[in-house]
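*Asks:* Starting off with a structure, shown below.
The values are calculated or read from the model by the stated rules, or taken from the named source; none is laboratory data. Quick caveat, the model's predicted, so the values are computed rather than measured. Cβ placement follows ideal geometry from the backbone for every residue including glycine, while neighbour counts extend to all protein chains displayed.
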Amino acid sequence: MKRMFCVLGALFAFGATGASAQPYVDLSGQFVCVQGCMSSAPGALAFVTQNGWDVNLTNEAGASSRAWIDWPGHMWVDAWGEGAIYSPDGNSIQFDRGAVWQRFVPPPPPPPLPPRHHRVYR
């Protein structure tokens, strides 16, 4: 009986540590502001560059700031004086003041043109 409790305790501890560890999320890339944007230009891009826990942000209006990940799922943006939460997949960032960035996915390229047929006149 005692052995069964030890085995169950070990399994529980293993499961808790494995589930609580969050994988590294790479936020680097282009984002488009979809809510609470600083720029009135539609489709203006914001940029994120991440190196470990350090992050550089440039919003769609061109203002830049350094930031850092203070815990998984949250970063502090120093010059803007606000925090932001990011999704576990890194595809969206929501700032404390209401701005929301979505990862920019470029549209697919246009389909190739049909082959040209030339007539040969004799």
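*Asks:* Looking only at segment 61-71, which residues are closer than 12 Å to L27 by Cα and either surrounded by fewer than 16 Cβ atoms within 10 Å (Cβ to Cβ) or hydroxyl-bearing (S, T, Y) (or both)?
*Replies:* Scanning segment 61-71 gives a single hit, W68.
*Asks:* Out of A41, A79, which single residue is surrounded by fewer than 15 Cβ atoms within 10 Å (Cβ to Cβ), assigned to a loop (DSSP other than H, G, I, E, B) and in contact with a Ser or Thr (Cβ under 9 Å, 6 or more places away or on another chain)?
*Replies:* A79
*Asks:* Kindly provide the set of residues from segment 56-109 that are over 12 Å from the mean Cα position of the chain (by Cα) and among the charged types (D, E, K, R), ordered by number.
*Replies:* Listed by number, the residues that qualify are E60, R66, D70, D78, E82, D96, R97.
*Asks:* Does segment 68-76 contain at least one residue that is among the charged types (D, E, K, R) and outside any strand (DSSP E or B)?
*Replies:* The answer is no, given that none of the residues of segment 68-76 is among the charged types (D, E, K, R) and outside any strand (DSSP E or B).
*Asks:* Pairs under 7 Å by beta carbon, first residue free of Cβ contacts under 8 Å to residues at least 60 places away in the same chain in segment 96-122, partner outside any loop (DSSP other than H, G, I, E, B) and of a type in the set (G, A, S), six or more apart or different chains?
*Replies:* Qualifying pairs under 7 Å: D96/G83; D96/A84.
*Asks:* Which one of these is more than 12 Å from L27 (Cβ to Cβ) and outside any loop (DSSP other than H, G, I, E, B): Q50, Q102?
*Replies:* Going through Q50, Q102 in turn, the sole match is Q102.
*Asks:* Applying the selection to segment 1-36, what residues are modelled with pLDDT under 90 and either part of a loop (DSSP other than H, G, I, E, B) or closer than 18 Å to H74 by Cβ (or both)?
*Replies:* M1, S20, A21, Q22, P23, Y24
*Asks:* For segment 82-122: of the residues being exposed (fewer than 10 other Cβ atoms within 10 Å of the Cβ) and of a type in the set (K, R), which is nearest to G43 (Cα to Cα)?
*Replies:* Per the criteria, the residue is R116.
*Asks:* If I ask for residues that are closer than 25 Å to Q50 by Cβ and charged (D, E, K, R), which ones from segment 63-122 would you list?
*Replies:* R66, D70, D78, E82, D89, D96, R97, R103
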